[in-house]
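Below: the structure, in structure tokens.
The values are calculated or read from the model by the stated rules, or taken from the named source; none is laboratory data. This one's a predicted model, so the numbers in the text were calculated from it and none came from an experiment. Backbone-built Cβ (ideal geometry, glycine too); neighbour counts: all protein chains shown. With ligands, DNA and RNA removed, areas are computed over all heavy atoms of the protein, side chains included. Shrake-Rupley method; radii C 1.70, N 1.55, O 1.52, S 1.80 Å.
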Amino acid sequence: MDSQHWTSSFDTRSSERRAGDVEVIAAYLHKWRCLDSLSNSLLRRLASAAYLEDLDDGVTLYRQGDRGTNWYFILSGEVVMTTCSDRSNNKDASSGFHHHSSNNGPSPSSSSSSCSPLTAAATYSRRLLGRGSWFGDSVLDDSPRDATASTRGPCKLLRVEQRDFRSLWQKHQDELIQLSGNTGSPSSPSSASPANHRKHSHHHHHNHQLPQPPTQQQQQQLHHQGGKRQGQRHHSTGGMSSRQGSQENNNSANNGRSSSTSGGLGIPSRDPPVVGDANVNCAKSPTTSPQRQERNPSVVSTTLAADGGVLTASGNGRSNPSPPSNAQQSAASTNAGQPSTGPTGPNSNSQIAPLNLSPSERAMMMGKVLKTLIMAASSASPASALIRDRKVPGRGTVRHCLVGTEMVDWLLGLSPEVHSRAQASAMWQVLLDEQVILALSKEHQFKDKFVFYRFHEDAEGRGDGPAGRKPGQDAVRDAQQKKDEVISTLTQLAPDAVLKAILRKPTHDRSPDDLEIIYEELVHIRALSHLSTTVKRELANIIVFESHPRAETVLFNQGDEGVSWYVILKGSVNVVIHGKGVVTTLQDGDDFGQLALINNAPRAATIITREDGCQFLRVDKDDFNRILRDVEANTVRLKEHGRDVLVLEKVSANPSAAHRHSASSHYKYTVMAGMPQKMLEHLLETRLDARHLSVRDEDIIRPYSSATDMFLDDFLLTHIMFMPTHQLITELMRNYRIESPTQDKEFVVASKSRVVNFVYQWVTSIRDPVFDETITHSFFEQLHSEVHADARLYHTLREEAAMLDHVQELLGEYRAARQQGGSLATLTWTLPAGGQSVVLFSAVNAAATAAAGNRKGSGESNAASAFSAEKRRPIRADDDIIFRVYCADHTYCTLRQPVNATAETIKLNAADKLGLRHEELVLAEIKSNGEKSVIADTEVSIATCLSINGRIFVSPKDHLDAMTVLPDQEGPSDGTCNELEMFSTRELAYYITLIDWDLFCSVHEYELLYHVAGAQPFRKIKSNLDLFLRRFNEIQYWVVTEICLANTLGKRVQLLRKFIKLAAYCKEFQNLNAFFALVMGLSNVAVSRLTQTWERLPSKLRKMFTEFDGLIEPSRNHRAYRIAVGKLQPPILPFMPLLLKDMTFTHEGNRTLLDSAGLINFEKMHMLAQTMRTLRYCRMLQPPTPRSEQEVRNYIRNLRVIDNQRILTGLSQRLEPKRA
């Protein structure tokens, strides 16, 4: 095998090794006889994680008392293990934390944690390890090194970093024990801990007896020679002493890089040398205070220890105790209370540490319920009980334990709500994270395997073991009552627990499915919104989970080198600056430390956790910079006249399958940015070769899916942001008329075909808004004529000519619909004076006629005519609308204006009718709570965007304060409880859904863009979206109004039951917009404070409402809702405010223009289009055809509500005054 090949593979970071590198290293390892016994699985894992160290004689790998950072395996050569014990202090030799000083002050060696060879009271024992031995497993539990390790003669070693070795140990513990030559098996799982195993870890058949320890004179001579050797090896570093130059510390400074050098300490020459005391370990003794040290340039973060020292983590995540610098002590003093020690630094123990200090009360309750049910089911047959003592061959008896597979089986049989083993495992994962159950193997991930678990109380000896008493009947009955609530809660929490379990896996163990789950989470994190899709997918490979159970843990100090970026998943942190104290507090979703990924400036503040159980996502600088380098390496920049005109990125054609260990993949180029004309040219050349393109149902995929290339659809949905229609059709015509003598016939025909395909896709995808631009009519006619002429010349264009015929047919239908009496003819709408929503003026007359007919006895025919009049079409810009405009004295005029009339036009027309002078007039909305909002003169669709009981006022500017609320703006004074009880709750939900569906289908995707970017630049309206949002507020306040207007307790309880059931039916009909409105209405303070009413509600309905309230929980960017809606199939009525929040979030967090030359940020367009596609996906299927239930429809279409929170709270307090 070519040595250069495997050497370069070993030199690659473990996180960057590809399948080819792993194969090369595995083949190299396979030839070593000492590794013959390894399974292929373990060999490949070693190949993916290990580094090769080729060392000379006398190299110190680590010293006794050091904190371990690596595990080692000897391929060739010998390693001397020297143990020092201090008889004068009578300390155990394994501690290694003793300092030796004189009266004159600390000695030069006082900063070292190992025994000094000059100490007369020290005794030594030595052991020689040969080929096939391994050592250094103290990294499993972070205990100090119990011996000093140094090479004897040339050696080849495999070095595995702490994080990777822990993963190896979890999966191949028995095989590694067998490899070490340890023939004794632990008697129980608890004895198989790393600490117990190290009693045998250095014994092997290659061990040799060493001579007796040297005399003091020999020790001094050896020490002098060792210092000289290492001083020679580090001549360029300024003469590092042997105590300072341990191999393990230099591996830390080496940032995880392998070294295959022939001499020295194995530090690659490309890394800067570590000088001074940067890597000197210092532990505090009972008699000696720590001395100040220089700051280690590779330090990531610091945590103040209880004794005032600082745990520093080097760049590859090893924690080494060192005293605090003055700056760190100053930072600590600004914080009230002494911060606690916590895991810190990249890949630190916080990934596998417990997430909480102790189980929460809710988690303990859930665990108690499940355990009670388990014990009750097991009481009849103790031999088959889930919780019992188990005899394990070679391990003795394991008491009071459960087995993972049996736990999953039991939970599947407990409730029909648990549908799969994966779901059951995820529910147990919740309890494992909360430490309600504990894994005897200490693993953080629940496994559906023959793995032992215990309940928390059994582990502490407080539980009712198999021989204990069974739970009483009252306890069992209580558990049965709470069972559904527990199952529901665990089901809601399970996805979050699964995500955390995946994030806590070693990064190289994440599967493609794991990466997809992480990516879907990253998409909705605000702090990552400015990153491209490719970068987010790469981050899924390397982003890690970090938790800090204790409050007041210091993540890093002001002045530290910045090496990590954090996003808060749960909890909060204080930002502390020297001399100022706490300057701000960051909450869930916030991020900090990002500048560290961009420049090398020191930390500008100290970050301290504010509460127990804080959880973070962490991105380390080296990983992020590597991603940026990879992205830049895969970036193609096309230039014209020295500046970028198109930026492309090479990505996998199937990102979800493109795991980093994949040997091969197909690639494509996506547009990241570009000039509008160049992006269009690239689109025509690369995405429109196929004919007969159309938007089919199977092409409309779930938002944020990566299964289909959406470049064309992204362009069509967002081109109005960067390429107006008149510019687009000019460029399309230029590309169509590309014919020239220098171009061959095939190229010309292909170019023409692409343009026609683009036009066809544009018309069929965007629909009416294309034809609303009258400039497109002449373009389509001209293109149609030229295509038919070219089809006679180029016969291959006949199919394109047929496509243009279809476009012309659609244009003809549009023109016919715009004629008088057509479906798109100008209509007249009205805004009722009583605060109801906008309706068709003709529909109001039809409804009045129907009501009169009903009184005369011709109900059925008139109801049918009224129903036909209610068939809705979207409000168009040139439709008319009738509304009132009021003066300060409450006089008013009625105007009929186009929907797209500007506020200035309305203001002037109203002034003429009301006899006001035009000078310094303002148009304003007065809301029911008295709030005044001045309307800008350029605003359009004024009447459709009012609040529920809002009114339009016109007044001189200096009389604005004189405008007051109209009496009828306060809303109704009587409820409709009796009328409401006449309707079936299911029927009510059904017709609410139909009306909401009507409004939802009227909203075009473009209206979302108008909402976030402003309608004025586009000269368009968003009236249909405004009415749909108004409907949400209308339903929300309807709930509060009806309950607060119910005068008796019985009626309020009756209404509460009605609305909770109504929310359940809306959820069943997948009307999530109304579901949110109903639940938020019930959560309104005017309702939630009615404790007497809620106490009278049956417990089943209270539990149902609690479940609903959890679904609308906004934490983690509405994660619970997103998970729930992701499982639904259309038709769906989504929660529209959240879609608009996503759009606003994307628009405001990302620039549209990347430079002054007009380079468009197309990544932003892609993210906007993803949200806009949600509307199309939700409307793929239509709901059932409605029946004519006119009375129900009239009631729910004309809800009368109070939207003034002050009035509602006052009514609520009169119903149930505050208790003394």
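Scanning segment 148-173 for residues that are in a helix (DSSP H, G or I) and in contact (Cβ under 8 Å) with a residue 40 or more places away in the chain yields GLN162, ARG163, ASP164, PHE165, ARG166, SER167, LEU168, GLN170, LYS171, HIS172. Taken over segment 412-431, the criterion of being free of Cβ contacts under 8 Å to residues at least 60 places away in the same chain and open to solvent by less than 30 Å² (accessible area, probe 1.4 Å) is satisfied by ALA424, SER425, TRP428. Restricting attention to segment 1034-1078, the residues that are closer than 22 Å to PRO1137 by Cβ, part of a loop (DSSP other than H, G, I, E, B) and polar (S, T, N, Q) total 1.
Taking the numbered list (1) loosely packed, with under 13 Cβ neighbours inside 10 Å; (2) in a helix (DSSP H, G or I); (3) acidic (Asp, Glu) in turn, ASP974 passes all entries but (2). Would you please name the residue that is nearest to LEU1133 (Cα to Cα), looking only at residues in segment 1004-1015 that are open to solvent by less than 20 Å² (accessible area, probe 1.4 Å) and either hydrophobic (A, V, I, L, M, F, W, C) or touching a His at 6+ places or on another chain (Cβ under 6 Å) (or both)? Only one residue tops the list, namely LEU1008. Do we find that LEU728 is assigned to a loop (DSSP other than H, G, I, E, B) and either closer than 30 Å to ALA877 by Cα or in contact (Cβ under 8 Å) with a residue 40 or more places away in the chain (or both) in this structure? In short, no.
The test for being open to solvent by 20 Å² or more (accessible area, probe 1.4 Å), in contact (Cβ under 8 Å) with a residue 60 or more places away in the chain and either farther than 25 Å from MET1165 by Cα or not in a loop (DSSP other than H, G, I, E, B) (or both) holds for ALA750.
Taking the conditions exactly as written (on the phi < 0 side of the Ramachandran plot, modelled with pLDDT under 90 and surrounded by fewer than 21 Cβ atoms within 10 Å (Cβ to Cβ)), does CYS1001 satisfy them or not? Against the criterion (on the phi < 0 side of the Ramachandran plot, modelled with pLDDT under 90 and surrounded by fewer than 21 Cβ atoms within 10 Å (Cβ to Cβ)), CYS1001 does not qualify.
For segment 119-142, taking the residues that are modelled with pLDDT of 85 or more and of a type in the set (Gly, Ala, Ser), the one that is farthest from LYS31 (Cα to Cα) is identified as SER138. Every condition in (1) at pLDDT below 85; (2) closer than 26 Å to LYS483 by Cα; (3) open to solvent by less than 40 Å² (accessible area, probe 1.4 Å) is met by PHE1108 except one, and the failing one is (1). Looking only at residues in segment 620-634 that are acidic (Asp, Glu) and part of a helix (DSSP H, G or I), the one that is nearest to the chain's Cα centre (by Cα) is ASP623. For beta carbons closer than 9 Å, sequence separation of 6+ or different chains, a first residue in segment 1170-1191 that is outside any helix (DSSP H, G or I) and a second that is open to solvent by 90 Å² or more (accessible area, probe 1.4 Å) and modelled with pLDDT of 90 or more, the qualifying pairs are MET1180/GLN1129; LEU1181/GLN1129.
Selection of segment 10-69 for residues being aliphatic (A, V, I, L, M), touching a Ser or Thr at 6+ places or on another chain (Cβ under 6 Å) and either part of a helix (DSSP H, G or I) or open to solvent by 10 Å² or more (accessible area, probe 1.4 Å) (or both) yields VAL22, VAL24, ILE25, ALA49.
Do we have any residue at all in segment 613-623 that's at pLDDT 90 or above, basic (Lys, Arg) and surrounded by 16 or more Cβ atoms within 10 Å (Cβ to Cβ)? Yes, segment 613-623 contains at least one residue that is at pLDDT 90 or above, basic (Lys, Arg) and surrounded by 16 or more Cβ atoms within 10 Å (Cβ to Cβ). When PHE983, PHE1018 are checked against the criterion of being in contact with a Phe, Trp or Tyr (Cβ under 9 Å, 6 or more places away or on another chain), open to solvent by 10 Å² or more (accessible area, probe 1.4 Å) and farther than 28 Å from GLN1054 by Cα, a single residue qualifies: PHE1018.
Scanning segment 964-1007 for residues that are small (Gly, Ala, Ser) and over 38 Å from the mean Cα position of the chain (by Cα) turns up GLY971, SER973, GLY975, SER984. Contact map, segment 556-584: first residue farther than 23 Å from GLY613 by Cα, second residue assigned to a strand (DSSP E or B) and among the aromatic types (Phe, Trp, Tyr), Cβ cut-off under 8 Å, separation 6 or more or different chains; pairs are GLY562/PHE556. Under 6 Å between Cβ atoms, which residue pairs at least 6 apart in sequence (or on different chains) link something in segment 1038-1064 that is over 15 Å from VAL1079 (Cβ atoms) with a partner that is among the polar types (S, T, N, Q)? Close Cβ pairs satisfying both conditions: CYS1044/SER1212; ARG1052/THR1093; VAL1053/THR1093. Of all residues in segment 731-747, those satisfying the criterion of being part of a helix (DSSP H, G or I), closer than 15 Å to GLU681 by Cβ and open to solvent by 10 Å² or more (accessible area, probe 1.4 Å) are GLU731, MET733, ARG734, ASN735, PHE747. Here segment 1196-1211 is the region considered, the condition is being of a type in the set (D, E, K, R) and outside any helix (DSSP H, G or I), and the residue that is least open to solvent (accessible area, probe 1.4 Å) is ASP1203. Scanning segment 468-482 finds one or more residues that are of a type in the set (A, V, I, L, M, F, W, C), open to solvent by 40 Å² or more (accessible area, probe 1.4 Å) and in contact (Cβ under 8 Å) with a residue 40 or more places away in the chain.
When segment 1111-1135 is filtered for residues that are buried (at least 16 other Cβ atoms within 10 Å of the Cβ) and of a type in the set (Ser, Thr, Tyr), only TYR1121 remains. Here segment 1136-1148 is the region considered, the condition is being open to solvent by 40 Å² or more (accessible area, probe 1.4 Å) and modelled with pLDDT under 90, and the residue that is farthest from ASP998 (Cα to Cα) is GLU1148.
Condition test on GLU485, is it surrounded by fewer than 20 Cβ atoms within 10 Å (Cβ to Cβ), more than 27 Å from VAL544 (Cβ to Cβ), in contact with a Lys or Arg (Cβ under 7 Å, 6 or more places away or on another chain) and modelled with pLDDT under 90? Judged against the criteria, GLU485 is a match.
For segment 712-725, filtered to residues that are in a helix (DSSP H, G or I) and farther than 19 Å from VAL756 by Cβ, the residue that is nearest to the chain's Cα centre (by Cα) is ASP714.
All of LEU895, LEU923, LEU960, LEU916 fail the test of being assigned to a helix (DSSP H, G or I) and not basic (Lys, Arg), apart from LEU960.
Within segment 1055-1080, the set of residues being open to solvent by less than 30 Å² (accessible area, probe 1.4 Å) and touching a Phe, Trp or Tyr at 6+ places or on another chain (Cβ under 7 Å) comprises ILE1060, ALA1063, CYS1066, LEU1072, ASN1073, PHE1076, ALA1077, LEU1078, VAL1079.
Within segment 1101-1116, the residues that satisfy the criterion of being free of Cβ contacts under 8 Å to residues at least 40 places away in the same chain and assigned to a helix (DSSP H, G or I) are ARG1102, ASP1109. The single condition among (1) among the hydrophobic types (A, V, I, L, M, F, W, C); (2) in a helix (DSSP H, G or I); (3) at pLDDT below 95; (4) surrounded by 14 or more Cβ atoms within 10 Å (Cβ to Cβ) that PHE779 does not satisfy is (3).
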